[in-house]
Each structure stands twice: as C-alpha cells, then as structure tokens.
Amino acid sequence: MPTGYTAFIDKGARFAEYVWRCVHAFGTFANELPVDVKPEPYYKEELDKRKKNLADARKITLVEADRRAETEYRRDCARKDKEIKEWETLVARYKEVLAEAEAWDPPTPEHRGLKKFMIEQIYTGMPTNPNKYGMPVKMKGGEWLVNLIHKAQDDVVYYTEKWAEEQARCAQQNKWIKDLARSVPPPKKMSRNKKTRGA
C-alpha cells in the first residue's frame, strides 16, 4: 500500500520528484521551488514589544512607581482572596466525596480495589492550598520599579536569543535545501517563484 510519499511514484513520479516530495518529512514544505524559508515573525514581534516595555519602564518616575506598586498589590491581594475562597469550596467538595468513598461498602471483595483507587485519586487530586505559594508582598515604588526593569531586561535577552535562533534555523534550512538542489536538481514542474515562511 502506498504511503503519502510513495503515492507520487504510483502517479508516475521519477526519482527527483520523489526526493523533493520526501523533503516534507524533514520539516521543509517544498511543493513549489525554489524555496526560501523565512523566519516566523513571532519572536521578532515579541522582541520589539519587550524593547518598548523596557524603554517605557525606564521612563517611570518614583511617584508613578509608588502608585503602580500599590495598585498591583491591591489587585494581587484581591486575586489571592478569590483563589482562597475557590480553594475552600473545592476542598469541601473533595472532602465530602472522600467521606462518601470511605463510607462506601463495596458490593463484593472484587470491588475493594475500586474503593481504594477512588480514595487514592482524591488524595492525589486534592487542590493545593494557594497560601502554599505565599501571600502578595507589598513593595515600595523603587523596589517595584527595579523588579519591572529587570524583568523587562530579561525578556529582551530571552527574545533576542529566540529571534537569533529562529534566523539561524531558517538559514540552516535554506542551506540544506540548496545543498539538496545541487545534489538532486528539483524537477521543472515543481519550480516556481514562491516564498515559504517558517517551513
């Protein structure tokens, strides 16, 4: 039975076309050639955003930082209160089902494993207390601003690296395709001028 790649042989493909159809298995979608793999713009777009965030953070005054730190603290406290209430409701539900599972008398000895399994699953799935991760910390504006700038700098470094990796990946892929084209020239019926993004 032909595969998605060998089906082209069934339809009359020769070696060169078969080679260029198999290229798909290696992450390059070369339906039309020549292929020019372009970097996905995501990391570049994110890098530009993070650079802007960093520039904006550096413009924040201490007075504004104090105001934002207070606003963020209040928002974090409200979110934590909501998480705790949701957790308490959920834990009560788990405990109710646990009590019923523990009180359940299995109809036969063969059902005891089910009871044990149900109880183990409840203990395993019991929601984690949000307080385990600590309560929000109130910061002074200066400390809040330093943290904001450090985070923005870290983001710029991260997305700079990711963008460079994406460009290198595309360059490597384009080289791979060109090396293959020198070894097995693509068939004329596949050759068109079309750009491929992030293949």
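Laboratory data are not the source of any read-out in this text; all were calculated from the coordinates shown. Keep in mind the model is a prediction, meaning the values are calculated, not measured.
Annotations
- Cα gyration tensor of segment 86-199 - equivalent ellipsoid semi-axes, whole Å, descending: 56, 34, 10
- Hydrodynamic radius of segment 51-136 per Kirkwood, over alpha carbon pairs, in Å: 16.9
- Each eigenvalue of the Cα gyration tensor of the chain, multiplied by 5 and square-rooted, gives one semi-axis; in descending order these are 52, 39, 10 Å.
- Distance violations [Cα-Cα > 31 Å] among Lys59/Lys162; Lys51/Lys85; Lys51/Lys140; Lys80/Lys151; Lys49/Lys138; Lys38/Lys151: Lys51/Lys85
- Cross-link partners of Lys116 among lysines (Cα-Cα below 16 Å; sequence separation of 8 or more within a chain): Lys95
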